[in-house]
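A.B. asks: First the structure, then my questions, so here it is.
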Amino acid sequence: MKLSKTIAVALLVIVAVTSCSKVKEAALQRGIDLFLAGELEEALKVLDASAKISAENPDAHAWHAECLRRLKKLDAAADAAYMALDLDPEHAFAHTVLADVFSPQYSTWHRVNADSTWFHLHEAVKYDRGDGNAWSSLWVQAVQKQDEELARRAAVNMIDSGFLSAPVLAYNRWQLEHLPPNAIFLTNGDMDTYPSIALQAKEGLRRDVVIANLSLLNVPPYVAGIAEKYDLPLPVEPDQLETLAPRRGDTGKVELVGRQIVQGWMEMQERGELSRPLCAAVTVADLDFTQGAGERTVYCGSYYEIMPAPVEAETDLARLGQSLATIDPASFEGSYTTIVDRSPVRRAGTHRIATNVTTAMLRYVEQLAEQRRWDEASSALDGAREYDSRIVAAGSYADHMDSLSAEIAKHLEP
């Protein structure tokens with residue numbers, strides 16, 4: 001049976017359109033995959049082409065915009081995001097990109113505008129309540145505006161949206177649970193801050209703790225916001241926060257405003273004027289806030305405590321052991337980021353946060369070995385191997401574990 005010419009042509013058109021649609025989808029997905037893998041320059045080439053061949057697709061323009069933003073091509077990023085909104089004014093992703101482009105905190109764009117950031121973040125969560133990327137940014141803004149209810153809702157939605165993974169929440173529970181009452185807790189990045197804030201808001205976990213992100217401490221409205229919320233004493237008067245600026249310290253290093261705030265708290269400690277314990281996450285790489293700060297710092301496993309005066313022991317073995325006793329290796333299994341997290345930086349590095357537990361375990365083994373508590377050291381090392389075998393970043397300390405095992409074996413009964 002022969003097909004009529006009209007039917008044959010129609011079938012050819014359907015095949016061509018279907019094929020073209022698959023090409024467009026494949027191009028966009030390839031660009032997204034490259035972007036999320038951190039291959040931004042290569043991703044930009046593909047996403048640029050995708051935006052051209054899928055000119056009617058707002059998703060293609062939004063991903064193109066986000067890649068341009070990450071590469072600091074901010075005029076082009078804004079243009080691409082507006083193209084997405086021209087096609088779909090309710091496109092939450094495009095609103096989030098524009099919020100970040102306008103942000104005075106994160107952007108170097110010549111048109112930065114805090115009000116525009118505020119507007120676009122509200123639009124983003126209005127049109128997609130499940131976008132944890134937008135909620136995390138909105139939390140920062142809400143703290144700065146001292147809108148406590150919005151900050152709470154934003155924090156809760158970081159969990160409810162599926163933005164935060166179970167293992168990263170388990171890690172943050174571990175770092176929070178063992179802190180001294182009413183501690184000021186200095187954190188370093190996104191994933192030792194957002195999950196802890198979210199756990200406080202949703203589960204009520206350790207709401208007595210002030211979570212103070214070191215990067216955000218460079219932003220005076222954030223400092224004022226947490227000071228107001230927690231009745232937190234500051235080393236300067238609130239109306240003087242805006243006058244603080246980066247300076248060169250005694251050691252020659254540039255000291256950002258956040259580190260100056262911490263230095264002020266340490267000076268208040270020395271004078272007996274800071275009633276709250278001052279602690280730092282183990283993710284904080286540089287604890288040298290002032291000269292001699294290392295002599296005042298005690299390692300406690302899931303955190304460091306900065307003391308008012310020099311201490312003899314660098315490690316509090318009792319607190320270290322207590323923090324490790326609560327570790328359930330199964331809770332730390334799996335990915336530390338989720339499929340809805342659009343940050344290539346977080347996707348690339350967050351899994352390494354789990355090795356802070358491994359480090360704590362091995363430090364405990366070493367301390368036990370120094371005290372010649374060989375059976376306990378052997379058991380603790382077995383626990384470290386079990387934990388390490390389950391995490392995504394497994395094997396980072398395999399050689400060190402083998403070395404410790406050989407040393408312990410020499411002293412155990414045959």
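What follows is calculated from the coordinates using simple rules that are stated; it is not laboratory data. Worth saying up front: this structure is predicted, and the values here are computed from it rather than measured. FYI the Cβ positions are ideal-geometry reconstructions off the backbone, even for glycines, and counts take in every protein chain you see.
A.B. asks: Enumerate by residue number the trypsin sites (Lys or Arg not before Pro) in the stretch 248-297 meeting two conditions: DSSP loop (anything except H, G, I, E, B), and at most 14 other Cβ atoms within 10 Å of the site's Cβ. Don't skip to the end; give the middle numbers.
C.D. replies: Numbers: sites: ARG248, LYS253, ARG259, ARG271, ARG296; in loops: LYS253, ARG271.
Listed in order of number, the matching sites are LYS253, ARG271.
A.B. asks: Under a 5 Å amide H to amide H cut-off, with H placed in plane at 1.01 Å, what residues pair with VAL392 once short-range neighbours are removed?
C.D. replies: Answer set, sorted by chain and number: GLY334.
A.B. asks: Still on this structure, I have one more. Let me know the number of lysine pairs in the chain closer than 20 Å at the Cα, not counting same-chain pairs under 8 apart.
C.D. replies: So the count of such lysine pairs works out to 10.
A.B. asks: Could you tell me which label, among (1) 38; (2) 13; (3) 24, carries the value of percent of Cα pairs over 42 Å apart calculated for this structure?
C.D. replies: (3)
A.B. asks: When only Cα pairs under 8 Å and 6 or more residues apart are kept, what is the percent relative contact order across the chain? Before the final figure, lay out each step's value.
C.D. replies: Working: 611 pairs, mean separation 45.3, N = 414.
The normalised contact order for the chain reaches 11 percent.
A.B. asks: Further question on the same structure: Select from the stretch 204-296 those GluC sites (Glu not before Pro) which occupy a DSSP coil region and have at most 12 other Cβ atoms within 10 Å, ordered by residue number. Don't skip to the end; give the middle numbers.
C.D. replies: Details: sites: GLU228, GLU242, GLU255, GLU267, GLU270, GLU273, GLU295; in loops: GLU273.
Counting only loop positions with at most 12 other Cβ atoms within 10 Å, the GluC sites (Glu not before Pro) in the stretch 204-296 are GLU273.
A.B. asks: Report the residue, chosen from ASP286, ASP48, ASP131, that carries the largest GNM mean-square fluctuation when the chain is represented by alpha-carbon nodes joined by springs under 10 Å.
C.D. replies: Evaluated over the chain, the most mobile residue of the options is ASP286.
A.B. asks: Related question: HN-Hα J couplings of the stretch 214-223 from phi, Karplus 6.51/-1.76/1.60, θ = phi - 60°, integer Hz, Gly and Pro as x?
C.D. replies: My calculation for the stretch 214-223 gives 4, 5, 6, 5, 6, 9, x, x, 5, 4 Hz in order.
A.B. asks: Counting only other residues whose beta carbon sits under 12 Å from that of LYS253, what net charge do I get with K and R as +1, D and E as -1?
C.D. replies: Values: positive: ARG247, ARG248, ARG259; negative: ASP250, GLU255, ASP286, ASP288.
Here the count lands on -1.
A.B. asks: Right, something else. Please check: in the Gaussian network model of the chain (C-alpha springs, under 10 Å), which one of SER21, SER50, SER165 has the largest mean-square fluctuation.
C.D. replies: Evaluated over the chain, the most mobile residue of the options is SER21.
A.B. asks: Over the stretch 104-154, what is the relative contact order in percent, taking alpha-carbon pairs closer than 8 angstrom and at least six residues apart? Don't skip to the end; give the middle numbers.
C.D. replies: Details: 28 pairs, mean separation 12.4, N = 51.
It rounds to 24 percent for the stretch 104-154.
A.B. asks: Continuing with this model, one more query. With each run of n ≥ 4 DSSP H residues scored as -39500 (n - 2.57), what mean residue ellipticity at 222 nm is computed for the chain after dividing by its residue count and rounding to the nearest 500 deg cm²/dmol? Each step should come with its number before you reach the end.
C.D. replies: On the way: 17 runs with 231 residues, N = 414.
Taken over the chain, the calculation gives -18000 deg cm²/dmol.
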